[in-house]
């Protein structure tokens, strides 16, 4: 009887082992970051069966990548995370012969993203955006006057200004990588600096406004801005637009908007990369090349409201999106945006420790 | 092998005692469920483990080891695979150094000039001792867990007492009500508190409607919300062991105390309370231990300065990407939790020995 059960369980095991077919692709991407239509069209054109899994934080993705084989063919980490992963040998170089559409990519943006991956040997840009200030238009006007224009980090980094809006709720991103560089920019220091003294000055600035910060969290602010629980959030451009859209849908009279401060803001890039142990390398290249087709990526941008880096696609993107300087910044603003890279453990530790001090006062 | 031995072995194989049959059945079910639910490698691992257990049983029985030992072997094996092995892995990582690699820590043995050299060190533990952050995080975690445990005891004891003293149909209903919240996900229940505590939430709305306050209270993202969340979540773990203890309390003892002239209050403190000490200890441990490492509740309800070790651990692992220091933090925490348990257990044993 025992033997029979054993046989049954092994049969079940064998049945559950998936057959590794030729035409397979496993994509691991941020939640709500690609359209079903784009996936279906690729499947129809190539006959490759695409499986999509989603994550909601770079940390989750990175822990899985560093722990060992994930079985994914394409992952989409943010630039600063990807830089470390490349240093750790997690990703494989792209075979550029298989990616003719690379010629569509905007050279200026690719030059920026090369900060994370020298020569863009391993990666290409999927979407990009900025880390700026999301705010509740009416709540700010009520507290700082109708003619106050949100265009500076002063709103959140100057204790006097911050104190005036603290009662309606300020939130900061819970990340040293995102918060220390703008603090450096506000202080007039080089936002890309990783000198301990500079970082300490930035942490001190953040510490001086801590009492006015309701909480530090990297996604909670989307719903809180949308329903008026908080009124100012240092956040990612696309997330704030999502909050604005939700607020509008809810129709409770909450108006949310986003500003890129004049001192400059950090640009982030979500990058398409192939893990070193990807089972379907060829299909991964085909999919990345497909995502660099102008009409494909334009359709995705229309859905996610993030800027892509594909020049020929821009005329195909909705006017409403391309004309918005908060999504596609003007040349002038573009010049002030910065990209910072942290790729060594010591600096990681210093920044994390400083961040804990900012957050907890310890 | 003689025919007689074959007979005995054969008879032994088919005359399994009931607990073993049940255990085998569960193991095979587990393997089948794993095969369907888990990815390929994990399913193979699980299947292999189950097969190894079954084979070990066969060998054990053939070698004439008694069934009692075989039954104990299953939980022991479970603890070995799912507690001791991960603990040793954690201990091993804590002796390494962080590096940008895959996996992100240095090897414990390095190829030196003359063979393999041990490269581990207790540097990470030293690091924990040097930075006051860790000590204050441990202390703050213990403080929050201890306060929550005390609050849960103060609320849970009267509730457990009341349930234990209730007549039968009502008692079962009350017990059911204590267990009822478990039917909803823990995460959802903590989220529900966000809705209750927020500025324009239910509680502020009610208080402003009744005119008790005219400005909404900020309750979310405060230590108050953390205590509330922990006490609310773990209260059933306090009530259930207390109830199990109090329901066995012999009413004759209370009558005797009353006959001898003791007031109800004196009776409570000299008879009921000392007799319920094992329940108090069990309930307190069940609240204190999970509360000390709590991550979700402070993350959702706590403010920026709520410092708990769970969060520090998260930061070390995900932000600093320092798995070795994170492992060291976890191991130190384990000892912080194990020491009070062992102390409480010895108290409990003395109690039982005295009775």
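Quick notes
- Residue in the stretch A:238-254 that is closer than 22 Å to residue A:82 by Cβ and touching a strand residue (DSSP E or B) at 6+ places or on another chain (Cβ under 6 Å) present: yes
Residues are listed down the side, and each one gets a yes or a no for (1) free of Cβ contacts under 8 Å to residues at least 60 places away in the same chain; (2) in contact with a helix residue (DSSP H, G or I) (Cβ under 8 Å, 6 or more places away or on another chain); (3) surrounded by 18 or more Cβ atoms within 10 Å (Cβ to Cβ); (4) within 24 Å of residue A:85 (Cβ to Cβ):
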| position | (1), (2), (3), (4) |
| --- | --- |
| B:315 | yes, yes, yes, yes |
| B:324 | no, yes, yes, yes |
| B:333 | no, yes, yes, no |
| B:336 | no, yes, no, no |
| B:343 | yes, no, no, no |
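- With a requirement of 1 or more residues that are free of Cβ contacts under 8 Å to residues at least 40 places away in the same chain and within 30 Å of residue A:83 (Cβ to Cβ), the helices (runs of 4 or more DSSP H) lying completely within the stretch B:100-180 that satisfy it span B:123-130.
For every residue, the table says whether it meets (1) in contact with a strand residue (DSSP E or B) (Cβ under 8 Å, 6 or more places away or on another chain); (2) assigned to a helix (DSSP H, G or I).
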{"position": "A:297", "(1), (2)": "yes, yes"}
{"position": "A:312", "(1), (2)": "no, yes"}
{"position": "A:327", "(1), (2)": "yes, no"}
{"position": "A:334", "(1), (2)": "no, yes"}
{"position": "A:341", "(1), (2)": "no, no"}
{"position": "A:347", "(1), (2)": "no, yes"}
{"position": "A:350", "(1), (2)": "no, yes"}
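- Flag if residue B:141 is under 30 Å from residue A:350 (Cβ atoms), in the same structural domain as residue B:280 (by TED's automatic domain parsing), touching a helix residue (DSSP H, G or I) at 6+ places or on another chain (Cβ under 6 Å) and at pLDDT 90 or above: yes
- Candidate set from the stretch B:290-313 (those that are touching a residue at least 60 places away in the same chain (Cβ under 8 Å), assigned to a helix (DSSP H, G or I) and over 24 Å from residue B:92 (Cα atoms)); member that is farthest from the other protein chains (Cβ to nearest Cβ): B:291
- Residue B:271, sole failed condition from (1) closer than 26 Å to residue B:186 by Cα; (2) at pLDDT 90 or above: (1)
- Exactly one residue out of A:133, A:86 is within 22 Å of residue A:177 (Cα to Cα) and at pLDDT 95 or above: that is A:133.
- Which numbered condition residue B:324 misses (of (1) part of a loop (DSSP other than H, G, I, E, B); (2) modelled with pLDDT of 90 or more): (1)
- Scanning the stretch A:144-164 for residues that are in contact with a helix residue (DSSP H, G or I) (Cβ under 7 Å, 6 or more places away or on another chain) and over 15 Å from residue A:255 (Cα atoms) turns up A:144, A:148, A:153, A:154, A:155, A:156, A:157, A:159, A:161, A:162, A:163, A:164.
- Scanning the stretch A:275-291 for residues that are closer than 20 Å to residue A:108 by Cβ and in contact with a helix residue (DSSP H, G or I) (Cβ under 8 Å, 6 or more places away or on another chain) turns up at least one hit.
- Tally, over the stretch A:50-101, of residues that are buried (at least 22 other Cβ atoms within 10 Å of the Cβ), within 10 Å of chain B (Cβ to nearest Cβ) and over 18 Å from the mean Cα position of the chain (by Cα): 1
- Tally of residues being assigned to a loop (DSSP other than H, G, I, E, B) and in contact (Cβ under 8 Å) with a residue 24 or more places away in the chain across the stretch A:77-91: 3
- Test set (1) more than 14 Å from every other protein chain (Cβ to nearest Cβ); (2) surrounded by 20 or more Cβ atoms within 10 Å (Cβ to Cβ); (3) under 30 Å from residue B:221 (Cβ atoms) - residue B:279 fails condition number: (3)
- Considered as a group, the residues in the stretch A:23-44 that are assigned to a helix (DSSP H, G or I) and touching a residue at least 60 places away in the same chain (Cβ under 8 Å) include one that is nearest to residue A:289 (Cα to Cα), and that residue is A:42.
- Strands (runs of 3 or more DSSP E) contained entirely in the stretch A:224-275, each with at least 3 residues that are modelled with pLDDT of 95 or more: A:232-236, A:266-273
The values are calculated or read from the model by the stated rules, or taken from the named source; none is laboratory data. Quick caveat: nothing in here was measured; it's all calculated off a predicted structure. Using ideal geometry, Cβ is built from the backbone for each residue, glycine included, and neighbour counts are taken over all protein chains shown.
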